[in-house]
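The values are calculated or read from the model by the stated rules, or taken from the named source; none is laboratory data. A quick note: this is a predicted structure, and the numbers were derived from the prediction, not measured. Positions of Cβ are backbone-derived with ideal geometry, glycine not excepted, and every protein chain shown enters the neighbour counts.
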Amino acid sequence: MAYHANDGMPRLAPLHDLKDFKVSTRDLDVRGWEVIGSDGQRIGKVDDLIVDRELMKVRYLDVDVDKNRVLPDTDARHILVPIGAAQLDDDSDQVFVSMDQAALARVPFYRGGAVDAEYEYRVMHAVTSPSEPQTAQTMQSTSVNTGTGAGMTAPNADFYNREHFDEDRFYHKRQQHRQDQSHMQATASSAGFDNGNPVHEDIATIERLRQMLEQGTITHDEFVALKRKAIGL
C-alpha cells in the first residue's frame, strides 16, 4: 500500500505487514539470518525488516535477541538496528553489527507495532553515543533539533541522511564479493578452465593466465589463485 500522511497508518512498518513491498532482486532477504556482535558472539537473528512506506526503503533490521544475551525475565527481546549500522558477511548467511554486550544493554527494546519518533532517537543515540547516558539534551542533539519528549517531531530528511541508514553500506560487501566471484569465474572460463571436471597441471592454461596478467586483464592475486587452481592446489 502506498503511503499517505493522513491515512492513519504509521510511516514505518514491518515488511510482513506490507503486501506491495518486496526485497529488491539485487538485494538479499536477510530474514532468518543470524546476527553477530563485535565480540564475535551471536546476538540473535533477523526477524523482520522495518520499511519506510513513503520512500519504500528498509530503515531497520528487527533483531530477535537470544535469551542468554538479555535478562532472563525480560519479555520484549527485540531491538531495531539501523540498516547501515550492520554489514553482511561475504559468504555465510550472517549479519555483523558493531555492538557488544555492553552496547546491546543500552539499545531500547522494540515491542512491535508502530515505530515512534522518540524510539528512533533513542536507537540512534545508543548507536552513535553508546557510552553517554540519554538525557533531554542528548536526545535533542540526536534528533537534529526537531523536538524532544514523547510528542517530538518525526525524524526528517537530515536524520535519515546518515551512513547508518545507507542500504548500499549494508549490502555493498556482499555485492562486491558477488562481482569478484563473477569476474573470477569469467576469467577462469576465458583461461580455459573446465568447471565440470577437476583441473590438473596444464601448461597451456598457465601460459594463457600469464598472458592475461601481462595484458592487465587479471591482477597478480587473481593470477596466483587461478594458477593454484590449475595445478590442483
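Annotations for the structure displayed:
- Residues that are over 19 Å from residue 14 (Cβ atoms), part of a loop (DSSP other than H, G, I, E, B) and of a type in the set (D, E, K, R), drawn from the stretch 44-95: 66, 73, 89, 90, 91, 93
- Output for the stretch 101-127, where each listed residue is aromatic (Phe, Trp, Tyr), touching a Leu at 6+ places or on another chain (Cβ under 8 Å) and either without any contact (Cβ under 8 Å) to a residue 12 or more places away in the chain or in a helix (DSSP H, G or I) (or both): 119
- Test result for residue 70, modelled with pLDDT under 85 and touching an Asp or Glu at 6+ places or on another chain (Cβ under 6 Å): no
- If only residues of the stretch 13-50 that are under 14 Å from the mean Cα position of the chain (by Cα) and aliphatic (A, V, I, L, M) are counted, the one that is farthest from residue 93 (Cα to Cα) is 50.
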